[in-house]
Each structure stands twice: as C-alpha cells, then as structure tokens.
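The values are calculated or read from the model by the stated rules, or taken from the named source; none is laboratory data. Everything numeric here is computed off the predicted structure, so don't read it as measured data. Glycine also receives a Cβ, built like all others from the backbone with ideal geometry; neighbour counts cover every protein chain displayed.
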Amino acid sequence: MIHPHITDALKVPDLVRLTDGLVLIRFESMKIYSALAAVRHLLEQRTLRPGQTLIDSSSGIYAYALALACHRYGMRCHIVASTTVDTTTRAQLEILGATVEQVRPSANLKLDQELRVRRVKEILVGHPDWHWMRQYHDDVHYLGYREVADRITTALPGVALTIVGGVGSGASTGSLVERLRVTDPSVRLVGVQPFGSVTFGSQDHHAPEAIIAGIGSSIVFDNVRHHLYDTLHWLDFSHAMSGTIALLRDHAVFAGLSTGAGYLAATYEARRHPDRLHLVIGADTGHRYVERVFARHAEALDPTALKPVEVSAPEEMTMPWSRTEWRRTARPASGKERAA
C-alpha cells in the first residue's frame with residue numbers, strides 16, 4: 001500500500017507479544033489518531049475553515065500529532081509547549097510549519113499546566129479567529145481511537161481483555177474501552193497516574209519529577225470519564241522509569257515513560273489475573289526521554305522486587321506506588337474548578 005500522507009503510516013500501531021498474559025500495542029505517536037480525526041471532523045462540520053490557525057497546549061505527543069494533522073489538511077498550527085518538550089520535538093514542529101512557544105521551566109506539574117492554559121487564553125484574546133482544539137475537554141478527540149478499538153477486536157477475538165494505559169487527557173483509554181464494551185462489557189480498564197494529579201485525587205502527594213510522566217493533571221479534564229475505570233495505579237517517577245528500562249532490557253522495546261509505567265502496572269495485574277490478557281498502551285517511542293530516563297538506566301530499580309500498596313480509597317494512598325479498585329465510580333470531589 002502507498003499512503004497518501006505520512007500520517008497514515010505513522011498512526012498504525014503494532015501488537016507485540018511480551019508474555020503469555022501481556023501484549024503491547026505500540027504506537028509511533030498515538031495521538032495522531034486523535035488529531036487527524038478531530039481536525040477532519042471539525043472541517044466536515046464547518047466548525048473550522050480551511051487554512052485557519054489551530055492552537056493548543058501540549059507536553060509533546062499531541063503537539064506533534066496536531067502539527068502533522070495541520071500539515072495534512074492545510075491548516076496553521078500554534079503550540080504552547082510544556083517545559084518538557086525537547087529540542088528534537090520542537091525542531092520537527094517548527095519544520096512542519098507550527099509556531100511554538102515554550103513556557104518557562106516549572107518545578108511541578110501544576111505550575112506547568114497552569115502556565116500553558118493561561119498563555120493559550122491570552123493568545124486567544126488577541127486572535128479570536130484562532131480555534132482552540134482543547135484536547136483535554138472537547139470529546140471530538142474520542143473519535144479517532146474507535147478505529148484502534150476495532151483493530152484490537154479483530155486481532156484479539158474472544159479473549160478476556162484488560163486495557164492498561166496512562167490516563168492523561170482520558171481520550172485514548174476512554175474511547176478504546178467505550179468502543180470495546182459495545183460488544184464486550186466485561187473489558188476492564190486499568191488507569192495509570194502519577195502522584196500529584198487531581199484527576200483521581202492524588203493532588204496532595206507531590207512526587208519529584210512527576211511532570212515528566214505526562215499522564216496526570218493539575219486541572220480537571222472533562223475528557224476523563226471516571227466511570228470507565230476499574231482499577232487505578234499511582235506511580236512515582238522512579239517506578240515509571242524502572243518499568244521503562246525493564247521494557248527495553250527484557251523485550252527490546254524502546255518506549256516512552258507512560259508506556260513503562262503501564263508495563264509495570266500491567267505486569268502486576270497479569271500476576272493477579274492470569275486468566276485475562278492485558279493490553280498495554282505504548283503511546284510513543286523513547287526518543288524524547290533519552291536524557292531524563294534512559295541515560296539514567298543505572299538508577300533503575302529491579303521491577304521484580306516492586307509491588308504497590310493496596311488502598312481502598314485515594315486518601316489512603318502512599319508513595320511510591322499505590323493501587324485501588326476504582327470499580328467504575330464517578331468523578332471524585334476534588335475541590336478544583338475546571339481551568340479551561
């Protein structure tokens with residue numbers, strides 16, 4: 001097959017068997033599905049006009065995905081980037097035609113995200129004709145992952161399935177499971193969060209370097225549908241890093257930090273539930289984590305010696321790794337106002 005645009009080749013994931021009970025769905029850059037479908041749909045609905053400028057904030061992979069979608073559909077792109085966006089990613093964004101501004105370095109997830117959201121709002125005051133993609137809140141970002149869910153159903157028919165992935169904006173795990181449960185309501189969803197994220201109530205736990213994970217939030221994300229999640233894991237940076245290093249060492253998979261965190265959580269879940277197949281979402285490759293994660297591989301912990309503390313509610317959690325049965329309950333009271 002000859003693809004009409006590079007996005008068609010990049011978006012398609014590979015399924016990799018890790019163990020009998022563990023399969024990785026590996027993306028080059030997962031959010032390409034989300035960005036392509038969202039831009040296409042908004043153009044078809046005439047919410048967007050050809051050539052309009054699209055703006056959003058991102059810690060990395062959504063920025064790349066949106067720049068690619070804009071390149072494909074002839075749109076302009078402006079990114080308010082996290083301090084974690086590396087030189088390689090920024091260079092690609094700029095060459096693709098996106099304009100990029102990066103917020104000042106922050107010591108924690110909360111300040112980084114608040115600075116980005118604040119800056120987007122400031123820009124929109126001066127450019128009211130620009131369209132804010134609102135990846136955290138607009139459910140148009142659920143559309144693209146339905147195709148991924150259908151691929152999973154075709155590739156893994158008739159299995160007792162558990163999806164394991166970083167929560168982040170909520171769109172990827174939420175969309176996959178909603179689609180899969182149409183035909184199989186027993187599909188389970190395990191969400192992975194860093195400490196310090198407001199999404200499932202860990203905002204009072206301030207983990208050093210949690211910002212690197214990119215799978216949590218200091219603001220309420222409307223695209224997170226809490227009632228879809230069966231189980232939650234909270235991990236600190238050292239555990240996420242250890243899972244990431246183990247994935248490369250044991251399976252030769254060079255993936256990002258959220259994938260490593262998911263791999264560690266899924267390995268634990270697979271031991272508890274050997275009757276189920278656990279599908280780990282590998283959202284991106286490891287390239288943007290070389291200095292912060294892979295160059296520090298000597299610091300990685302032995303994953304076989306790690307296990308979470310089992311808690312019955314978020315307020316009982318403790319670092320560096322906690323797990324709870326969420327049981328598809330609603331959003332917790334966080335006391336935080338939505339920031340966008």
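In this structure, residue 180 does satisfy being over 24 Å from residue 314 (Cβ atoms) and surrounded by 21 or more Cβ atoms within 10 Å (Cβ to Cβ). The condition of being closer than 18 Å to residue 216 by Cα and under 20 Å from the mean Cα position of the chain (by Cα) holds for only one of 152, 61, that being 61. When 41, 71 are checked against the criterion of being in contact with a Leu (Cβ under 7 Å, 6 or more places away or on another chain), part of a helix (DSSP H, G or I) and within 23 Å of residue 100 (Cβ to Cβ), a single residue qualifies: 71. In this structure, is residue 186 outside the structural domain of residue 82 (by TED's automatic domain parsing), assigned to a loop (DSSP other than H, G, I, E, B), in contact with a Leu (Cβ under 6 Å, 6 or more places away or on another chain) and hydroxyl-bearing (Ser, Thr, Tyr)? No: the conditions fail for residue 186. Please tell me if residue 63 is at pLDDT below 95, closer than 19 Å to residue 144 by Cα and in contact with a helix residue (DSSP H, G or I) (Cβ under 8 Å, 6 or more places away or on another chain). For residue 63, the condition - at pLDDT below 95, closer than 19 Å to residue 144 by Cα and in contact with a helix residue (DSSP H, G or I) (Cβ under 8 Å, 6 or more places away or on another chain) - is met.
Tell me, please, whether a residue that is in the same structural domain as residue 320 (by TED's automatic domain parsing) and touching a Lys or Arg at 6+ places or on another chain (Cβ under 6 Å) can be found in segment 256-269. Checking segment 256-269: not a single residue is in the same structural domain as residue 320 (by TED's automatic domain parsing) and touching a Lys or Arg at 6+ places or on another chain (Cβ under 6 Å).
Residue-wise test of (1) at pLDDT 85 or above; (2) surrounded by 24 or more Cβ atoms within 10 Å (Cβ to Cβ); (3) farther than 28 Å from residue 118 by Cα.
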residue: 208; (1), (2), (3): no, no, no
residue: 216; (1), (2), (3): no, yes, no
residue: 222; (1), (2), (3): yes, no, no
residue: 225; (1), (2), (3): yes, no, no
residue: 237; (1), (2), (3): yes, no, no
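The set of residues in segment 254-302 being part of a helix (DSSP H, G or I) and exposed (fewer than 15 other Cβ atoms within 10 Å of the Cβ) consists of 271, 272, 287, 295, 296, 297, 298, 299. Among the conditions (1) under 24 Å from residue 288 (Cα atoms); (2) of a type in the set (A, V, I, L, M, F, W, C); (3) buried (at least 20 other Cβ atoms within 10 Å of the Cβ), the only one that residue 75 does not satisfy is (1).
Evaluated against (1) of a type outside the set (Ser, Thr, Tyr); (2) touching a helix residue (DSSP H, G or I) at 6+ places or on another chain (Cβ under 6 Å); (3) under 15 Å from residue 56 (Cβ atoms), residue 101 falls short on exactly one condition, (2).
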